[in-house]
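The values are calculated or read from the model by the stated rules, or taken from the named source; none is laboratory data. A quick note: this is a predicted structure, and the numbers were derived from the prediction, not measured. Because the Cβ atoms are built from the backbone with ideal geometry, glycine has one as well, and the counts that use them run over all protein chains shown. Protein only, heavy atoms only, side chains kept; ligands, DNA and RNA dropped before computing areas. Shrake-Rupley method; radii C 1.70, N 1.55, O 1.52, S 1.80 Å.
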Amino acid sequence: MSEDEIIERVQAFAQTHRLPPPASEEAVVELEAIVGWPMPTLLRRLYLEVANGGFGPSSRVMSLTHTGQWFSDEESLLQFMRAAAAHTDPSDPPRHTVPLMTLGCAVWWFVDFSTPDGRMWGWEPNARCEQHRLFPERFTLAQWLTDWLDGNRAFPEPPPLTDCPDC
């Protein structure tokens, strides 16, 4: 599915589900400054052209700014990333991997801002040690959204266990 087709289908979803209006360019620029990488083009377009969060699998993508609608345990992605930037902990995920959606029980989908197509990452702290709880997925943001738009719901899939004594 092309980027334009994804945008069109998510717009239809946004209208049907009364999602919040798009986010501002200023909010996108602020997030990019905090992360230190540009937002993947498709995600940028979704936030600026379609809706300020609420699209995606049943748990739904976090709003970029506070909208009055919570699609996560967090008020907004900007609020979350401001707090993350205020402290540094070596066990935190790399700054270029940005939380996008929670599935509950501390399981998250992340998107990689250092890749133009937005490679997806899984976060599963309940099944892995601190070193292996964040792991790359085999698909991009566009593929993840296409899968959802086609009626599927995926969960982060940790790679097979290694010989790590902490996992």
Residue span residue 154 to residue 2: 0.36 nm per residue of separation minus Cα-Cα distance leaves a gain in nm of 52.7 nm
The simple spin-label model distance between residue 25 and residue 49, using points 7 Å out along Cα→Cβ, in nm, is 1.5 nm
GNM of the chain, Cα pairs under 10 angstrom: of 110, 139, 71, the biggest fluctuation goes to 139
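Please state, to two decimals, what the Cα-based radius of gyration of region 23-102 comes to when divided by 2.2 N^0.38 Å (N = residues).
On the way: Rg = 12.0 Å, N = 80, 2.2 N^0.38 = 11.6 Å.
It is 1.03.
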In nm, the gap between the two label points placed 7 Å beyond Cα toward Cβ at residue 17 and residue 87 is 3.1 nm
With 0.36 nm assigned to each residue of separation and the Cα-Cα distance removed, residue 32 to residue 70 gains 11.5 nm
Using alpha-carbon positions, the gyration tensor of region 1-69 gives root eigenvalues a ≥ b ≥ c; with a/c under 1.5 called rounded, otherwise prolate if a/b exceeds b/c, else oblate, the class is oblate
Result for region 1-130: accessible area per residue, probe 1.4 angstrom, in square angstrom, of 46 Å²
Summing -39500 (n - 2.57) over every DSSP H run of at least 4 in the chain, dividing by its residue total and rounding to the nearest 500, the 222 nm mean residue ellipticity is -8500 deg cm²/dmol
Of every hundred units of 1.4 Å-probe accessible area on region 81-167, the number belonging to carbon and sulfur atoms, as a percent, is 52 percent
Sorted largest first, the C-alpha extents of the chain along its principal axes in whole angstrom are 49, 36, 27
HN-Hα couplings for region 115-122 via Karplus (6.51, -1.76, 1.60; θ = phi - 60°), in whole Hz with x for Gly/Pro, come out as 10, x, 8, x, 4, 8, 10, x
Calc'd 3J(HN,Hα), region 153-167, phi into Karplus 6.51 cos²θ - 1.76 cosθ + 1.60 (θ = phi - 60°), Hz, glycine/Pro = x, comes to 9, 9, 10, x, 10, x, x, x, 4, 9, 8, 5, x, 8, 7
